[in-house]
Each structure stands twice: as structure tokens, then as C-alpha cells.
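I have placed the structure first, in the form of C-alpha cells, so that the comments after it can refer back to it.
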Amino acid sequence: MLLLACLRRCARLLYWIPVTIIIMVVMWSYYAYVVHFCWSLLTCATQKVSFLCLFHVCFGMFSWSFWKAVSTPPSSPSVEFQLCSSDSLPYEHDDGGMEKCLLETSWKFPVHTRTESGAIRFCHLCRLIKPDRCHHCSVCQICVLKMDHHCPWLNNCIGFSNYKFFMLFLLYSFLYCLLIVTTVTPTCINLWLGKLFDSCVKLHVLFLTLVSAMFAVTLCFLLLFHIWLLANNKTTLEWLSVPFFVDGPDSEAFDVGSQANFVQVFGKKKRLWPFPVFSSQGDGHSFLLRWQMPTHNRAVMNGNGNCDLEEIVVSPEGVCYHGRR
């Protein structure tokens with residue numbers, strides 16, 4: 001048992017290798033830009049000061065968002081969603097007792113998503129009913145609220161508690177690389193043409209431009225992809241596998257409009273949007289559905305196999321009720 005525990009700890013240490021690589025690359029880029037580029041190559045004092053100010057702003061925001069994305073633990077469902085032994089006791093001797101227990105218990109919670117077979121989503125490892133958009137992470141060994149994906153470069157699950165930090169991390173990483181490329185490229189061209197002959201400086205600046213350009217292209221595509229996901233209120237897992245509901249799959253179930261989708265993640269306070277501080281709306285356990293919007297109608301199957309139109313109406317008190325017509 002002791003040997004197995006040691007092996008598990010060693011395996012957990014291996015997960016930090018990608019994070020360490022990122023830190024080392026960033027620290028080298030800081031050294032190469034500040035020491036070799038700004039102090040050694042730039043001769044104009046105004047240009048040197050302006051470049052250093054912009055660089056340190058980007059570097060500071062990148063470091064802050066990176067730290068928050070790495071250090072913020074993913075949120076797990078509250079204890080109310082856990083299935084106690086007393087809940088399943090009356091159904092132990094029934095065929096399909098577990099399904100009956102989950103169906104009866106799920107009515108206590110705002111759970112709408114189902115499995116492909118129509119059953120209640122239940123995690124047998126965590127012994128809990130999964131809230132909407134919640135998934136079990138096989139690496140972290142926990143259920144994560146609004147799980148997007150497990151990021152090996154951050155050694156963390158990206159979900160409800162840190163998705164804003166992850167988005168800002170992508171944004172400031174891209175801006176950091178873009179700033180380096182745009183400011184260093186003219187000097188890099190001169191180095192390539194042989195007008196400057198310091199081999200050490202030349203090597204650092206050339207590699208700095210090349211590495212930054214490669215990361216900028218990669219981060220640009222990744223950032224655009226997650227902006228599209230954010231605008232459509234989807235997670236990476238929901239993009240890969242459409243969520244199922246009682247009346248079937250719906251890839252746009254959580255899309256309540258691009259502006260409302262953005263506010264769900266970044267919050268209503270605009271002054272907090274650029275900063276990696278938590279400002280997301282809600283508790284991660286329940287989310288507004290598209291058909292719960294005041295003006296939205298949806299088709300549902302009645303018992304005869306025909307399609308009725310279900311209207312979700314919101315009363316002045318804010319209570320949703322259903323009506324078919």
C-alpha cells in the first residue's frame with residue numbers, strides 16, 4: 001500500500017511537467033526581451049520605455065491570469081446532490097430500483113439533462129446525481145461543475161469556477177506573444193540580414209521571434225474557438241457530445257443570446273471583465289435554458305407520438321410555468 005501511494009504521488013508530480021515548461025519558456029522570453037532586445041539593441045530611449053511599459057503590462061496580466069487558472073480548484077456539486085444510502089434503501093429489492101430512486105430523488109433538483117438512454121445522469125464514483133453540464137474528470141477524480149475540459153498545460157480542470165480565468169489566460173497569452181512579434185520583428189530582420197553581429201543577442205532574439213510567432217498562431221485559433229463556444233454558451237465537452245434532454249438532444253439548449261452568454265461567464269460588472277477575479281453568475285448547479293426564455297416556444301412529444309407546442313411563460317413574480325397549445 002505504501003508503494004502504491006508513492007507511485008500515485010510520483011504520477012501526480014509528472015502532471016506538473018507541462019506547467020513547469022510554460023513557466024520556463026515565459027521566464028526565458030522575459031529575459032530575452034528585456035535584457036537582449038530592449039537594453040542591448042534599442043537605442044531610442046522613448047521607444048525603449050514604451051516597449052518596456054507595454055511588455056510589463058502584458059506580462060503582469062498574463063502571469064496573474066495564468067496563476068489564477070492553475071491555482072483555482074474546480075467546483076464540485078454540493079452535498080445535496082449526493083445519494084445517501086437511506087435514499088436507495090427502499091428500492092434495494094426492486095428490479096430497476098436504482099433508476100427509480102434516481103428518478104424520484106432528481107425531482108428535488110433543477111436537473112434537466114439525461115443520458116442518451118433517457119436515464120438520470122449519475123456518477124457511480126462520486127455517488128451523486130450530476131447537475132446539468134457537470135462531468136466526472138478521470139484525472140482529478142472528481143465531478144466538476146460546468147466542466148469544459150481538463151487542461152494538461154495548467155494541470156487543472158477548466159469549469160465553472162475558473163473558465164473566466166482560462167479565457168483571460170488565452171487572451172493575455174496571445175497579446176503577450178503578439179506584442180513580442182510586432183516589436184521584435186523589425187530588429188529580427190536586421191539581424192537576419194547581418195547588420196548586427198552579436199551572436200548571443202542574435203540567437204536569443206531570433207528564437208524569441210520564432211517561438212512567439214508559433215505560440216501566437218496556435219493561441220489565436222484556440223482563443224477564437226473558445227470565443228465561439230462562449231458566444232454560443234457551449235463547453236468543449238458539449239461541442240464534442242450534444243447534451244440530451246427528456247425530449248432528445250439539443251445542441252443549443254443553453255444558448256440564451258450572445259450577450260447573456262457572455263455575462264454568465266464574465267458577470268455584469270464591466271470593470272471586472274479584464275481582471276482574473278471571479279465574477280461569473282450563478283452557482284454552477286443550474287443554468288437558464290433556451291426554452292425558459294419568456295418568448296420562446298418549443299415542440300414536445302405527447303403521449304400519442306404527436307408534436308405539441310410547449311410554451312414557457314414567466315409570471316411577473318419570475319415563476320416559470322408550462323402551457324401547451
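Among the listed pairs LYS130/LYS164; LYS234/LYS268; LYS48/LYS164; LYS48/LYS202; LYS68/LYS100, a Cα-Cα separation exceeding 30 Å is found for LYS48/LYS164; LYS68/LYS100. Answer rounded, prolate or oblate for the stretch 167-276, using the Cα gyration tensor with square roots of eigenvalues a ≥ b ≥ c: rounded when a/c is under 1.5, else prolate when a/b is larger than b/c, else oblate. Prolate is the answer for the stretch 167-276, as a/c is 1.5 or above and a/b outweighs b/c.
Residue by residue, the stretch 18-34 carries 3J(HN,Hα) couplings of x, 5, 5, 4, 4, 4, 5, 5, 5, 5, 5, 5, 4, 5, 5, 6, 6 Hz when phi is fed to the Karplus relation 6.51 cos²θ - 1.76 cosθ + 1.60 (θ = phi - 60°); x denotes Gly or Pro. Note that the stretch 244-297 presents 54 Å² accessible area per residue, ligands and nucleic acids not counted, probe 1.4 Å.
The values are calculated or read from the model by the stated rules, or taken from the named source; none is laboratory data. None of these values were measured; they are calculated from a predicted model. Each accessible area value is taken on the protein alone, full model and side chains, heavy atoms only, with ligands, DNA and RNA left out. Shrake-Rupley method; radii C 1.70, N 1.55, O 1.52, S 1.80 Å.
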